[in-house]
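Participant: One structure, as structure tokens, below. Some questions next.
The values are calculated or read from the model by the stated rules, or taken from the named source; none is laboratory data. Everything quoted here is computed from the prediction, not taken from an experiment. Because the Cβ atoms are built from the backbone with ideal geometry, glycine has one as well, and the counts that use them run over all protein chains shown. Quick note on the areas: whole protein, heavy atoms, side chains included, nothing else; ligands and nucleic acids left out. Shrake-Rupley method; radii C 1.70, N 1.55, O 1.52, S 1.80 Å.
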Amino acid sequence: MKTKRINFKNYSSFKIGGELEVSLLEDNFSEIDDYYLIGSCNNTLVGTNPPPLMMLSKAYDYIKIEDNLLKIGGATPSGKIASFCKKHDIANFELISHLPGKLGGLVYMNAGLKEFEIFQHLVSIKTTSGIKAKNDIIFGYRFTDIKEPILEASFEIVPGFDTGKVVLFKKMRENQPSTPSAGSCFKNPIGDYAGRLIEAVGLKGERVGDMEFSSEHANFLVNYGDGNFDDAIFLIKEAQKRVYAAFDIWLECEIVVLDMRYLGNKSSLIKSED
Ligand SMILES: Cc1cc2nc3c(=O)[nH]c(=O)nc-3n(C[C@H](O)[C@H](O)[C@H](O)COP(=O)(O)OP(=O)(O)OC[C@H]3O[C@@H](n4cnc5c(N)ncnc54)[C@H](O)[C@@H]3O)c2cc1C
């Protein structure tokens, strides 16, 4: 299988991780079972004991209009999608310009901002085992039950790219730190905010090594330069422990921790049965 050497300290948005060989998924679908699929690692904390990794090859970096649908390859970066929609005057993808990631990761995470979610205009996905309609996928807040690599997704085409929305989304992001992070560290529990809970247990601005629960936005775990996996995990566990003790709420990670110690006993690491 073809591989690519990636330095995750440069590649991941957290700027954490070593140099690893990553296998490339093209049409070698029978070989994928023991790998964990990554996109552009904007939501991922790469550990010191990571599973074997795989990513979609460049062959899945495309956008086309076909059968009156917008068909986007799983390896297409969000910025490219936003530019395409702007150029072709297509609505509903304005938020994408402020959501870092590739299409596969965006769909798998059902990424979004406030009331906007990538699933809103999704029609179907193409995975290594065929086409799946939106109705056959269970999805919710930063969650889907997709178990196979997403090779392509089709979206309805609605005319009218709204530049006003781009400005609005940019404004919505203004309270977020620009220091390297992986976006929100925890999902918001129903009816509450992870950031509020982290602050309430005294962890806003708490720093261990170069990792910190940002003093600008407590739910952003940020890396001031030489932050490492162990310090990140220490802070994550500390927040979970303290919030549970104080509020009886278990903070669920939104970020994906790519380390064998935290991936449980999944043998097939591409989201097989839990
Ligand atoms: C500064 C910053 C701000 C952010 N703000 C937001 C926000 O407002 N809202 C939001 O929702 N997210 C936000 N994020 C998180 C991130 O943008 C999204 O989670 C995005 O979907 C990650 O895409 P990725 O390609 O980097 O996925 P990765 O981090 O590489 O992977 C994430 C998960 O997706 C799975 N995956 C990746 N590709 C595929 C595929 N082809 N098929 C199946 N599964 C796949 C992986 O296995 C993994 O479980 C932010 C991140 C940063 C750094």
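Participant: Sort 85, 253 by accessible area with a 1.4 Å probe, largest first.
Facilitator: Ranked from most to least accessible, the order is 253, 85.
Participant: Please give the net charge around residue 223, taking every other residue with its beta carbon less than 12 angstrom from that of residue 223, where Lys and Arg add +1 and Asp and Glu add -1. Write down the numbers at each step before the final one.
Facilitator: Details: positive: 9, 15, 207; negative: 210, 212, 226, 231.
Once all neighbours under 12 Å are counted, the net charge is -1.
Participant: In the Gaussian network model of the chain, springs joining C-alpha atoms below 10 Å, which of 113, 197, 251 carries the largest mean-square fluctuation?
Facilitator: The residue that fluctuates most here is 113.
Participant: Considering only the other residues whose Cβ falls under 11 Å of the Cβ of residue 143, what net charge follows from Lys and Arg at +1 and Asp and Glu at -1?
Facilitator: -2
Participant: Shifting gears a bit: Expressed as a whole percentage, what fraction of the accessible surface of region 144-246 belongs to carbon and sulfur atoms when a 1.4 Å probe is rolled over the protein heavy atoms? Show your work: numbers first, answer last.
Facilitator: On the way: 2350 of 4770 Å².
After summing per-atom areas, the C and S share lands at 49 percent.
Participant: Oh, and also: What accessible area per residue, rounded to a whole number of Å², is obtained for region 1-55 using a probe radius of 1.4 Å?
Facilitator: Details: 2560 Å² over 55 residues.
Dividing the accessible area of region 1-55 by its residue count gives 47 Å².
Participant: Hey, another quick one. Using Cα pairs closer than 8 Å and at least 6 residues apart in sequence, work out the relative contact order for region 52-140, in percent. Before the final figure, lay out each step's value.
Facilitator: On the way: 96 pairs, mean separation 16.0, N = 89.
Computed value for region 52-140: 18 percent relative contact order.
Participant: If I compute solvent accessible area with a 1.4 Å probe over the protein chains, what percent of it on region 1-83 is carbon and sulfur? If you can, show how the numbers build up before the last one.
Facilitator: On the way: 1810 of 3800 Å².
For region 1-83, the apolar C and S fraction of the accessible surface comes to 48 percent.
Participant: How many Å² of accessible area per residue for region 147-274, probe 1.4 Å? Mind dumping the intermediate values first?
Facilitator: Numbers: 6390 Å² over 128 residues.
On a per-residue basis, region 147-274 sits at 50 Å².
Participant: Compute the helix-to-body angle for 163-172: its Cα long axis versus the longest principal axis of the chain, expressed 0 to 90° and rounded to tens.
Facilitator: Once rounded, one gets 20 degrees.
Participant: Give the value in nm², to one decimal: projected area of the alpha carbon convex hull of region 28-69, averaged over all directions. If you can, show how the numbers build up before the last one.
Facilitator: Values: hull surface 18.8 nm².
So the Cα hull casts an average projection of 4.7 nm².
Participant: While we're looking at this one, here's another question. Angle, helix 78-87 long axis vs. longest principal axis of the chain, Cα atoms, 0 to 90°, nearest 10?
Facilitator: That helix lies at roughly 40 degrees to the long axis.
Participant: Over all directions, average the projected area of the Cα convex hull of region 130-194 and note it in nm². Could the numbers behind the result be given before it?
Facilitator: Numbers: hull surface 29.4 nm².
Averaged projected area of region 130-194's Cα convex hull equals 7.3 nm².
Participant: While we're looking at this one, here's another question. For residue 228, list long-range residues whose amide hydrogen, built 1.01 Å from N in the peptide plane, is under 5 Å from its own amide hydrogen.
Facilitator: Excluding prolines and chain starts, which carry no amide H, the hits are 210, 211.
Participant: Divide, for region 1-42, the radius of gyration over alpha carbons by 2.2 N^0.38 Å, where N is the residue count.
Facilitator: On the way: Rg = 11.2 Å, N = 42, 2.2 N^0.38 = 9.1 Å.
That works out to 1.23 for region 1-42.
Participant: Of 66, 115, 152, which has the most accessible area and how do the rest follow, probe 1.4 Å? Don't skip to the answer; put the middle values down first.
Facilitator: Values: 66 75, 115 125, 152 15 Å².
Solvent-accessible surface, decreasing: 115, 66, 152.
Participant: On to the next question. Quick one: which residues, 5 or more positions from residue 205 or on another chain, have an amide H under 5 Å from its amide H? H modelled 1.01 Å from N in the peptide plane, none for Pro or chain starts.
Facilitator: Close amide H contacts, sequence-distant or interchain: 213, 214, 215.
Participant: Helix 229-247 versus the longest principal axis of the chain: what angle, 0 to 90°, nearest 10, using Cα atoms?
Facilitator: Roughly 70 degrees, rounded to the nearest 10.
Participant: Sticking with this one: Take the Cα gyration tensor of the chain, multiply each eigenvalue by 5, square-root it, and list the three semi-axes largest first, rounded to whole angstrom. Don't skip to the end; give the middle numbers.
Facilitator: Details: eigenvalues 174, 110, 59 Å².
Over the Cα atoms of the chain, the semi-axes work out to 29, 23, 17 Å.
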